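These notes are about the structure you will find just below.
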Amino acid sequence: MTGPCTGWTLGEWQRAYLGGAITPTALRDYVARLPIQDPAWITVADGARLAAQFAELEDRLATDGRGLLPLYGIPFAVKDNIDVAGWPTTAACPEFHYIAHATAPVVARLQAAGAILIGKTNMDQFATGLSGTRSPYGLVPNALNPAYISGGSSSGSASVVARGFVPFALGTDTAGSGRVPAGFNNIVGLKPTRGWWSTRGVVPACRTLDCVSVFALTVADAAEIAAIVAGPDPDDPYSREDPQRTAPRPCDPMTLAIPDVLEFFGDRHAARAFAATVEALRTLGAHIETIDFAPFRALADLLYQGPWVAERIAPLASFLKQQPAALHSAVRTALAGAMNFSACDAFAGEHERARLSTLVAKTLRGFDALLVPTAPTIYTIADMAGDPQGRNTRLGFYTNFVNLADQCALAVPGAFREDGLAAGVTFIAPAWHDQALTVLGQALERELAAPLGRHRSPILKDPPRPAPP
């Protein structure tokens with residue numbers, strides 16, 4: 001689908017409304033043209049759901065005025081493991097389907113700011129996977145080349161942003177699900193500090209590690225959404241407040257760490273693209289040093305080889321006991337060892353996580369961020385089918401440790417591969433350094449003049465906006 005709104009950033013939507021070029025009710029026709037058989041969608045808003053949102057928007061406009069509606073009339077999408085009242089939630093498992101009675105706070109805050117939800121998106125079932133191929137609703141192809149995977153588990157949310165259907169979409173991120181699809185589809189993926197955004201109303205993957213994430217076309221857009229949805233939730237036991245009075249800022253010049261041994265699993269295109277991005281940052285004046293990546297890798301291995309795999313089963317135990325056949329075959333294989341861990345194993349795993357996290361923090365002391373390829377390589381859909389477990393494990397090489405180490409991460413487009421595929425990179429920093437990552441990401445955007453999603457529009461059609469305080 002293409003049209004005058006396709007591929008717009010937040011700024012373009014905002015200017016169109018302010019200038020009277022578009023009205024919220026025009027979204028009715030826009031949504032009607034969406035390809036509902038597209039595998040990126042699980043549910044697209046019908047007329048009744050849109051009408052209810054338009055009515056609420058008009059009520060807010062009359063009460064609050066436009067000044068309190070920064071997302072007035074702007075469409076967005078959410079991953080289908082996030083609850084929205086009156087909408088189905090499936091977590092990409094038809095047998096798990098239920099109609100949500102309450103809206104997740106992250107969605108409610110967006111709607112309170114004036115945004116219009118137009119659909120819920122496909123995903124790797126129960127957010128278990130990084131490929132975008134583990135859903136009974138269909139696999140989601142790469143937005144740039146449909147022979148390749150989109151990345152997961154937030155595959156549908158990344159796809160609808162990359163193809164310009166919405167300017168932003170919510171995903172979730174436990175092991176890289178909000179970063180890998182961004183890297184493969186040439187968009188931005190922000191995985192915030194754990195607990196900064198509420199996870200209430202989200203089907204858990206690993207409750208102690210889960211984050212809601214956002215996909216956007218630009219770093220500034222992702223930061224703007226973060227400023228709206230972030231904040232403590234008294235009803236979420238894993239919510240927490242930023243302990244810092246002032247947000248950390250990167251050094252001038254920025255100081256970045258990169259792994260001492262870079263792994264691309266033989267993918268020379270990925271290796272060359274990452275090298276080109278590193279050189280672009282050096283051109284900006286960045287000071288870049290190699291660090292020992294061994295503790296990061298050891299920490300990453302705990303996620304699926306340690307007791308956290310049992311945490312993935314915990315909230316689903318009753319459902320899976322009644323309907324074991326509901327699991328996608330690749331998800332079943334990934335979770336096969338979940339019941340083999342004891343309480344002693346859980347404590348031993350937590351002790352090792354704490355030890356390795358301390359090593360990781362010490363290793364990054366003095367750096368603004370760690371810079372890594374968002375994923376070491378990319379696979380065709382056919383190749384992924386040949387070894388779904390082994391190749392999925394490889395996709396998490398640079399992502400699996402982040403939540404275990406209590407870090408935040410920002411995936412941004414890097415230099416393109418020589419074969420025309422996207423090759424994103426990720427900035428990673430300690431918890432509550434989210435704003436510093438925004439500054440780093442915007443600097444790289446400006447240096448590369450990166451295109452947006454699939455449409456290859458210039459990144460600087462919108463002037464740079466400062467990160468929200």
What residues qualify as long-range amide H neighbours of L452, i.e. H under 5 Å apart, gap of 5 or more or another chain, H built at 1.01 Å from N?
S457
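Rounded, prolate or oblate: which fits the stretch 265-385 when a ≥ b ≥ c are the square roots of the eigenvalues of the alpha-carbon gyration tensor, with rounded for a/c under 1.5 and prolate only if a/b beats b/c?
oblate
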For the chain, what is the number of Lys pairs with C-alpha distance below 22 angstrom, counting only pairs 8 or more positions apart or on separate chains?
4
Apply the Karplus parameterisation 6.51 cos²θ - 1.76 cosθ + 1.60, with θ equal to phi minus 60°, to every residue of the stretch 27-36 and state each ³J(HN,Hα) to the nearest whole Hz, in sequence, with x for glycine and proline.
5, 4, 5, 4, 5, 4, 8, 5, x, 5
Lys and Arg at +1, Asp and Glu at -1: neighbours of W41 with Cβ under 10 Å from its Cβ sum to -1
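Please sort 55-64, 312-321, 137-146 by packing, taking for each peptide the average over its residues of neighbouring beta carbons within 10 angstrom, highest first.
Details: 55-64: 12.9, 312-321: 14.7, 137-146: 20.7.
For the peptides 55-64, 312-321, 137-146, the packing ranking is 137-146, 312-321, 55-64.
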Determine, for each peptide in 343-351, 199-207, 443-451, 398-406, the mean count of other beta carbons within 10 angstrom over its residues, then list the peptides with the highest first.
398-406, 199-207, 443-451, 343-351
For the stretch 134-277, what relative contact order do you get, as a whole percent, if you take Cα pairs closer than 8 Å and at least 6 residues apart?
18
Point-to-point label distance, E95-A227, nm (Cα→Cβ direction, 7 Å offset)
4.6
What's the exposure ranking of H97, H328, H433, H269, going from fewest to most Cβ atoms within 10 Å?
H97, H269, H328, H433
Need the full-extension length gain, E56 to R365, defined as separation in residues times 0.36 nm minus the C-alpha distance. One decimal, nm.
106.5 nm
Can you tell me the length gained on complete extension of the stretch Q322 to Q37, counting 0.36 nm per residue apart and subtracting the Cα distance?
99.6 nm
Roughly how many debye, to the nearest 20, is the charge dipole of the chain about its Cα centre, given +1 on each Lys and Arg Cβ, -1 on each Asp and Glu Cβ, and no other charges?
340
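Students often check this: by mean Cβ neighbours within 10 Å, which of 104-110, 123-129 ranks highest, and how do the rest follow?
Sorting 104-110, 123-129 by mean packing, highest first, produces 123-129, 104-110.
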Surrounding charge for G195, neighbours by C-beta under 11 angstrom, Lys/Arg +1, Asp/Glu -1, total -4
Just to confirm a number: summing +1 for Lys and Arg and -1 for Asp and Glu over residues other than P295 whose beta-carbon lies under 10 angstrom from that of P295, what do you get?
+2
So what is the relative contact order for the chain, in percent, with contacts set as C-alpha pairs under 8 Å and at least six apart?
18
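No lab work stands behind these numbers, since they all come straight from the coordinates. Since the structure is predicted, the reported quantities are computational estimates derived from the model, not experimental observations. Cβ atoms come from the backbone with ideal geometry, glycine included; neighbour counts cover every protein chain shown.
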